[in-house]
1. Please give the length that would be gained between residue 87 and residue 1 if that part of the chain were fully extended, namely 0.36 nm times their separation in residues minus their C-alpha to C-alpha distance (nm, one decimal).
2. Starting from the Cα-Cα distance between residue 99 and residue 150, subtract it from 0.36 nm times their residue separation and give me the gain in nm to one decimal.
3. Hey, can you find the accessible area per residue of the chain for me, probe 1.4 Å, expressed in square angstrom?
4. Taking 0.36 nm per residue of sequence separation and subtracting the Cα-Cα distance, how much length would be gained by fully extending the chain between residue 176 and residue 77, in nm to one decimal?
5. Could you work out how far helix 39-49 tilts from the main Cα principal axis of the chain, as a 0 to 90 degree angle to the nearest 10?
6. Can you give the charge dipole size of the chain about its Cα centre, rounded to the nearest 20 debye, using +1 on the beta carbon of Lys and Arg and -1 on the beta carbon of Asp and Glu?
7. Take the alpha carbon atoms of the range 1-147, find their radius of gyration, then divide it by 2.2 N^0.38 Å using N residues; give the quotient.
8. Set the Förster distance to 25 Å, then compute FRET efficiency between residue 168 and residue 204 from the Cβ-Cβ distance, nearest 0.05.
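The values are calculated or read from the model by the stated rules, or taken from the named source; none is laboratory data. The structure displayed is predicted, hence computed values, not measured ones. In this analysis, Cβ positions are derived from the backbone assuming ideal geometry, glycine residues included, and neighbour counts consider all displayed protein chains. These area figures cover heavy atoms from the full protein model, side chains too; ligands, DNA and RNA do not enter into them. Shrake-Rupley method; radii C 1.70, N 1.55, O 1.52, S 1.80 Å.
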Amino acid sequence: MKFFVDSADIAEIRDLSAAGLVDGVTTNPSLVAKTGRKFFDVLADICAAVDGPVSAEVAATDFDTMLEEGRQLAALAKNIAVKVPLTRDGLKTCRTLAQSGTKVNVTLCFSANQAILAAKAGAAFISPFIGRLDDVGEDGMELIRDIRTIYDNYDSFTTEILVASIRHPRHVTEAAKIGADVCTVPPDVLRKLAHHPLTDRGLEAFLADWKKTGQTILNR
Ligand code: E4P
């Protein structure tokens with residue numbers, strides 16, 4: 001399973017990337033707005049820091065403008081994946097960009113049928129938002145299960161399932177059990193994945209016992 005970091009904060013991305021935890025990045029207009037920086041500057045920094053796909057979302061909603069925005073975003077760096085919303089114009093944009101060799105991430109997916117349409121439109125990634133489904137009393141992970149089953153039924157569907165709107169480590173475990181291709185994880189959740197209280201307690205005890213031996217490993 002690949003880990004993307006769901007952030008537009010270059011300091012966070014560099015830090016996690018140095019720890020080898022980042023296979024790609026997803027941004028969205030809300031995450032970019034939080035940085036207070038210019039969109040293209042943010043993207044240039046992220047694309048230079050990360051080798052894998054960096055999702056950059058269009059801001060228009062009509063086909064012609066979305067396509068032009070998508071082309072300009074794609075021209076910025078070879079690892080840009082253009083993000084389009086799951087609307088009819090978005091799917092049309094996806095098909096056109098995909099045909100010209102641009103990776104497209106179709107975002108704001110909330111149903112299995114939407115995921116089928118994205119695959120048929122040639123999306124490189126489909127982003128089902130599981131946390132937002134959980135928020136309204138639905139089961140986000142059930143959607144991931146359905147999409148996995150459907151995509152596995154058809155060799156022609158090569159779209160990767162990019163689990164988005166992740167809220168906690170359990171979401172990552174469940175997505176991995178289902179066989180999702182990618183989880184895009186907020187930095188705080190990504191850091192939590194390494195943490196377990198028994199690891200902390202165990203380490204504390206080992207270090208206390210080691211101290212009693214009076215030995216050092218370096219400078220023997
Ligand atoms: C994914 O590409 C989105 O940026 C993100 O996962 C949305 O998450 P949210 O529901 O926490 O805003």
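1. Values: separation 86, 0.36 × 86 = 30.96 nm, distance 2.75 nm.
Value of the extension gain: 28.2 nm.
2. Details: separation 51, 0.36 × 51 = 18.36 nm, distance 2.29 nm.
Result: 16.1 nm gained on full extension.
3. Working: 11770 Å² over 220 residues.
That works out to 53 Å² for each residue.
4. Numbers: separation 99, 0.36 × 99 = 35.64 nm, distance 2.95 nm.
Taking 0.36 nm per residue and subtracting the Cα distance, the gain is 32.7 nm.
5. 50
6. Values: 25 positive and 29 negative charges, 104 e Å.
Charge dipole of the chain: 500 debye, to the nearest 20.
7. Details: Rg = 14.9 Å, N = 147, 2.2 N^0.38 = 14.7 Å.
That ratio works out to 1.02.
8. Details: r = 25 Å, r/R0 = 1.00.
About 0.50, to the nearest 0.05.
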